[in-house]
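Here's the structure we're looking at; comments come further down.
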Amino acid sequence: MGSLMRPILIGLMLIVGLVAALLLARPAASGLERPTPVAFGGGEVDPGPLDEMSPDERAAIMAMLDANIAWLTSQGRLAAPLAAERVALGWPLASRAGFNDPGYFGVTGYMDHNPAFPGQVRDYTCGRRTYDSSSGYNHQGTDYFLWPFAWNKMAAGDVRVVAAADGVIVGRREGNPDQSCGSGGQWNAVYVRHADGSIAWYGHLKRDSLTAKPIGAAISRGEYLGLVGSSGNSGGPHLHFELYAPGGQLIDPYGGSCNPIDGGSWWETQREYYDAGVNKLMTGTAAVERGTCPAPDVTHEATQFQPGDRIYFTAFYRDQLASLPGVYRIIAPNGAVYTQWSHSSTTAHAPLSYWYWAYNFPATAQTGT
């Protein structure tokens with residue numbers, strides 16, 4: 001727990017404090033008036049309907065990949081899988097150049113290791129951070145949901161899908177609509193086979209964002225594959241990542257008590273199960289207005305204010321834990337603590353959450369840049 005607490009506390013104390021110090025304008029009056037909190041809100045956020053793939057659609061993808069691999073092999077463009085050590089996976093997401101928020105996603109579903117259904121789920125740690133459906137679908141990958149402002153991020157191309165390991169493109173599907181809010185047709189996706197014969201699926205990509213590289217082209221770890229989108233049967237902008245071992249067996253790259261893996265995790269560095277952190281800290285002129293899917297959110301973000309203004313301070317979390325309180329501190333331009341407060345989540349664990357506080361600043365607020 002201690003290792004998770006530090007980034008939350010330090011990030012909020014330093015970054016919120018610095019932001020506030022930059023915003024207050026006009027010379028100070030004698031003494032330091034304290035701002036008055038006038039509004040509070042936020043909470044856990046439901047990412048929306050969960051994704052699902054029908055058996056027929058999955059079978060069609062498998063058949064397409066088998067045909068492509070056979071054709072590439074016959075053309076001498078794809079070597080037989082090496083009997084080498086297993087690939088080590090890097091992270092499949094990257095932010096665009098100039099993106100400065102400390103985070104941009106949250107895990108909204110791991111792979112389901114319980115074949116029973118519905119509502120009988122088990123993730124790689126024997127927890128319940130996964131899902132299934134009454135139709136018999138057990139979640140077969142990991143969902144990385146954009147957070148916060150998922151549709152805004154998708155429209156701006158803020159988050160790129162990148163190859164987790166070197167390989168060859170053995171399948172791609174593009175041109176499908178990407179505004180799905182629960183159900184839709186085919187997804188846009190890229191499929192990459194690695195040197196050990198394993199195949200990674202990158203699904204729900206944004207329309208017309210896929211790499212120009214064709215089937216049979218080599219791809220390097222960290223190389224651009226597309227943008228996160230919401231194509232196919234998707235509840236909102238996220239990457240659905242699946243991995244198949246040589247021979248076609250579905251595997252969960254996360255190693256844990258309910259998914260013991262010989263040789264350990266497939267990830268070069270496996271993230272914590274509760275990857276608690278702050279994704280964004282923001283000041284604004286009003287509370288965030290969350291859009292109805294697929295409309296973007298109205299953020300009301302602002303970085304310049306006048307004396308007497310009301311300022312909204314908002315923190316966006318991934319994997320927020322009630323056991324890890326946040327400490328917020330506003331620092332005045334002269335270095336003094338203007339005001340501070342602490343807050344804990346109202347639920348034990350929230351994959352995606354946000355909280356805001358509004359303060360009225362006095363007309364005598366200190367000058368700041």
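Values computed for the structure shown
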{"item": "Out of 141, 136, 98, sole residue that is open to solvent by 20 Å² or more (accessible area, probe 1.4 Å), touching a Phe, Trp or Tyr at 6+ places or on another chain (Cβ under 7 Å) and among the small types (Gly, Ala, Ser)", "result": "136"}
{"item": "Count of residues meeting criterion [in a strand (DSSP E or B), touching a Pro at 6+ places or on another chain (Cβ under 7 Å) and either at pLDDT 95 or above or within 30 Å of residue 47 (Cα to Cα) (or both)] in region 320-349", "result": "2"}
{"item": "Residue ID - farthest from the chain's Cα centre (by Cα), chosen from residues in region 150-180 that are within 21 Å of residue 91 (Cβ to Cβ) and assigned to a loop (DSSP other than H, G, I, E, B)", "result": "166"}
{"item": "Which listed residue is open to solvent by 30 Å² or more (accessible area, probe 1.4 Å), under 30 Å from residue 367 (Cα atoms) and either at pLDDT 85 or above or among the charged types (D, E, K, R) (or both), from 85, 33", "result": "33"}
{"item": "Members of region 259-271 found to be under 15 Å from residue 87 (Cβ atoms) and either of a type in the set (Asp, Glu) or surrounded by 14 or more Cβ atoms within 10 Å (Cβ to Cβ) (or both), listed by number", "result": "261, 262, 265, 266, 267, 268, 270"}
{"item": "Qualifying residue in region 272-288 (condition: basic (Lys, Arg) and either open to solvent by 40 Å² or more (accessible area, probe 1.4 Å) or without any contact (Cβ under 8 Å) to a residue 24 or more places away in the chain (or both))", "result": "no"}
{"item": "Some residue of region 303-319 being of a type in the set (A, V, I, L, M), over 20 Å from residue 153 (Cα atoms), open to solvent by 40 Å² or more (accessible area, probe 1.4 Å) and not in a loop (DSSP other than H, G, I, E, B)", "result": "no"}
{"item": "All positions within region 198-226 that are open to solvent by 10 Å² or more (accessible area, probe 1.4 Å) and either within 14 Å of the chain's Cα centre (by Cα) or touching a residue at least 60 places away in the same chain (Cβ under 8 Å) (or both)", "result": "199, 215, 216, 221, 222, 223, 224"}
{"item": "Single match in 291, 229, 256, 247 (criterion: open to solvent by less than 10 Å² (accessible area, probe 1.4 Å) and in contact (Cβ under 8 Å) with a residue 24 or more places away in the chain)", "result": "229"}
{"item": "Matching residues in region 181-193 - criterion: being closer than 16 Å to residue 226 by Cα and part of a strand (DSSP E or B)", "result": "189, 190, 191, 192"}
{"item": "Selection from region 55-69 of residues that are farther than 15 Å from residue 242 by Cα and either surrounded by 14 or more Cβ atoms within 10 Å (Cβ to Cβ) or at pLDDT 95 or above (or both)", "result": "60, 63, 64, 66, 67, 68, 69"}
{"item": "Region 166-185 - residue that is touching an Asp or Glu at 6+ places or on another chain (Cβ under 9 Å) and crowded, with 18+ Cβ neighbours inside 10 Å and, of those, nearest to residue 63 (Cα to Cα)", "result": "174"}
{"item": "Every residue from region 186-197 that is open to solvent by less than 50 Å² (accessible area, probe 1.4 Å) and of a type in the set (A, V, I, L, M, F, W, C)", "result": "187, 189, 190, 192"}
{"item": "Qualifying residue in region 100-111 (condition: hydroxyl-bearing (Ser, Thr, Tyr) and within 23 Å of residue 261 (Cβ to Cβ))", "result": "yes"}
{"item": "Residue in region 105-113 that is in a loop (DSSP other than H, G, I, E, B), open to solvent by less than 30 Å² (accessible area, probe 1.4 Å) and free of Cβ contacts under 8 Å to residues at least 60 places away in the same chain present", "result": "yes"}
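The values are calculated or read from the model by the stated rules, or taken from the named source; none is laboratory data. Small disclaimer: the values here were computed from a predicted structure and weren't measured. Reconstructed Cβ throughout: ideal geometry from the backbone, glycine too, with neighbour counts over all protein chains shown. We work out accessible area using only protein heavy atoms, side chains counted, and drop any ligands, DNA or RNA first. Shrake-Rupley method; radii C 1.70, N 1.55, O 1.52, S 1.80 Å.
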